[in-house]
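Chemist: One structure coming up, written as structure tokens, with questions to follow.
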Amino acid sequence: MASKALRAVVLGPPGSGKGTVCERIARSFGLQHLSSGQFLRESLRGGGEVGTLAKQYLERGLLVPDHVITRVMMMELEKRRAEHWLLDGFPRTLGQAEALDRICELDVVISLHIPFETLKDRLSARWIHPASGRVYNMEFNPPHVHGIDDVTGEPLVQREDDRPEAVTARLRKYKDAAKPVIELYKSRGILHSFSGTETNKIWPYVYALLSNKIPPLRSEEEH
């Protein structure tokens, strides 16, 4: 390759707009958007040792543990050693960050900081299409037909941990796990934090940061 492949990560709590920011970065800069949730769904559908292992946890209503998610992600990243990519949903814990260190060196880590009340409101209004992972928000991104996925016509569901009573505990758990990851990347000088309540207001700053590291394919205004 003419230049070193850019390796980036977007960190943020559930409901912070990580997916939206990642999609915009992928379109604007040509980075592959690598979602841990998407890879996990693919490994479940494909069966195999890791998929079977993950399924055993999910069927019991348990979180897929670090070592399983890490194996899924390492297998995918090994295939993309020469490519520009952007990680979404990984690493979530210090153990995952250390595993990532063993196969590559990150260039930039973007951390999204959204007020607690905003996150609580967003998550409580969030519904998903389980098979694809498509996310809808009943306030600012509702489906065309209430309760129905736009693409397949299948019913949407609200995840147990998106229900209002579960959201507070979920956000606290994220914060505890993410703190050492954020500190690690901060100590390396590659962490860039952005605060706000709206993705559209945070985006110009993210765009400006990345424009200094990789030539954009399209201008910020095209969003």
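The values are calculated or read from the model by the stated rules, or taken from the named source; none is laboratory data. Since this is a predicted model, take the numbers as computed values, not measurements. Here Cβ is always computed from backbone atoms with ideal geometry, including for glycine, and neighbour counts include all displayed protein chains. For the accessible areas, the whole protein counts, side chains as well, though only heavy atoms, and no ligand, DNA or RNA atoms are used. Shrake-Rupley method; radii C 1.70, N 1.55, O 1.52, S 1.80 Å.
Chemist: Does Gly15 satisfy the condition of being under 21 Å from Leu171 (Cα atoms), at pLDDT 85 or above and not in a helix (DSSP H, G or I)?
Modeler: Considered against the rule, which asks whether it is under 21 Å from Leu171 (Cα atoms), at pLDDT 85 or above and not in a helix (DSSP H, G or I), Gly15 comes out as yes.
Chemist: Charged (D, E, K, R), farther than 19 Å from Phe194 by Cα and in contact with a Leu (Cβ under 9 Å, 6 or more places away or on another chain): is that true of Arg81 in this structure?
Modeler: no
Chemist: Would you please list the contacts, defined by Cβ atoms under 9 Å and residues six or more apart or on different chains, that run from a residue in the range 102-115 that is aliphatic (A, V, I, L, M) to a residue that is part of a loop (DSSP other than H, G, I, E, B) and open to solvent by 40 Å² or more (accessible area, probe 1.4 Å)?
Modeler: Close Cβ pairs satisfying both conditions: Ile103/Arg81; Leu106/Arg188; Val108/Lys213; Val109/Arg188; Ile114/Thr197.
Chemist: Which residue out of Thr70, Thr20 is in contact with a Ser or Thr (Cβ under 7 Å, 6 or more places away or on another chain), at pLDDT 85 or above and of a type in the set (S, T, N, Q)?
Modeler: Result of the check over Thr70, Thr20: Thr20.
Chemist: Within the range 121-143, count every residue that is more than 26 Å from Phe39 (Cβ to Cβ) and in a strand (DSSP E or B).
Modeler: 0
Chemist: Of Lys79, Lys4, Lys18, Lys55, which residue is open to solvent by less than 60 Å² (accessible area, probe 1.4 Å) and of a type outside the set (A, V, I, L, M, F, W, C)?
Modeler: Lys18
Chemist: A further question on this structure: Can you name the residue in the range 58-97 that is in a loop (DSSP other than H, G, I, E, B) and β-branched (Val, Ile, Thr) and is also nearest to the chain's Cα centre (by Cα) among such residues?
Modeler: For the range 58-97, the residue satisfying everything is Thr93.
Chemist: Looking at the range 163-179 only, could you name the residues that are in contact (Cβ under 8 Å) with a residue 60 or more places away in the chain and among the charged types (D, E, K, R)?
Modeler: Arg170, Lys175
Chemist: Could you list all residues from the range 118-170 that are over 20 Å from the mean Cα position of the chain (by Cα), of a type in the set (Asp, Glu) and closer than 28 Å to Ser193 by Cα?
Modeler: Matches in the range 118-170: Glu139 only.
Chemist: Take the residues in the range 174-214 that are part of a helix (DSSP H, G or I) and among the charged types (D, E, K, R), then tell me which one is surrounded by the most Cβ atoms within 10 Å (Cβ to Cβ).
Modeler: Here the answer is Lys186.
Chemist: Let me ask something else. Out of Lys201, Lys213, Lys186, report the one residue that is in contact with a strand residue (DSSP E or B) (Cβ under 7 Å, 6 or more places away or on another chain) and among the charged types (D, E, K, R).
Modeler: Criteria check complete, one pass: Lys213.
Chemist: Spot the failing condition for Leu58; the list is (1) within 21 Å of Ile190 (Cα to Cα); (2) out of contact with any Lys or Arg (no Cβ under 7 Å at 6 or more places or on another chain), and only one is missed.
Modeler: (1)
Chemist: Kindly provide the set of residues from the range 18-58 that are among the hydrophobic types (A, V, I, L, M, F, W, C), under 20 Å from Pro204 (Cα atoms) and in contact with a helix residue (DSSP H, G or I) (Cβ under 7 Å, 6 or more places away or on another chain), ordered by number.
Modeler: Val21, Ile25, Phe29, Leu31
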